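Computed from the coordinates by the stated procedures, all read-outs in this text should not be read as laboratory data. None of the values given here were measured: they were computed from a predicted structure.
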Amino acid sequence: MPDALVALILAQVAVGVAIIVVVGIVGELAEGEILSDRLTLGTIFFIQAFLWVGYAGWTLVVSQRKGNGVVADFGWKFRIPDLWQGLLIGFGAQIVAVPIIYVMLFYFTGEQDVSEAARELTDRAATPLDVVLLLVIVVVGAPIVEELFFRGLLLRSIERRFGSTVALIGSSVIFAAVHFQLLQFPALLMFGLLAGWLTLRTGRLGPAVWAHVGFNLVTVLALLAVS
């Protein structure tokens, strides 16, 4: 558990450094403008890379220094069925489970724009290169790095100390919380629980990685189609 917390801290510090660099590059903002409105997908990729270094870099260091490698320690294994099974699960979670969650939630809170954060990102994809960067960030990088950390290092660290149930719930809550998107928290929590269950059930990260790819891909393609 301490190793996982160190990785979380390192990742957030790395993002802080990246943002400081970006602010320095962008310079002073015009009156009334917001920093996020000035960021290109290339800049967002730069910031995201710092986050990935914090998560994945420390995970690899811990595995090499204190364990037996990511395959043995965290189940970094893939089988052919993982691809289609994981994608189908990810698609189903996004297409079926997420709408059900928000229908129930909005019944009590009133309807809100749950796709705003994702749409703001896809709206920046104005060129073919932007689309490629978007797919690399959301559909390739995030599933690999986040599953390696959250369902690899974090889940296994908690499991060794507190058991599988606490590990599943705890890693999922942390996964949802560190995205810092309150409205998306229920969907992220649901997916975290699903990915964690897949990892514990199979003993490897392959199904969770492909489920994450499918989950994110549905959103990106849907928003790109209407942008």
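What the table below lists for this structure:
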item: Segment 181-190 - phi-based ³J(HN,Hα) in whole Hz, Karplus 6.51/-1.76/1.60, Gly and Pro as x; result: 10, 4, 5, 8, 4, x, 5, 5, 5, 4
item: Normalised convex hull volume, segment 30-139, alpha-carbon set, Å³ per residue; result: 189 Å³
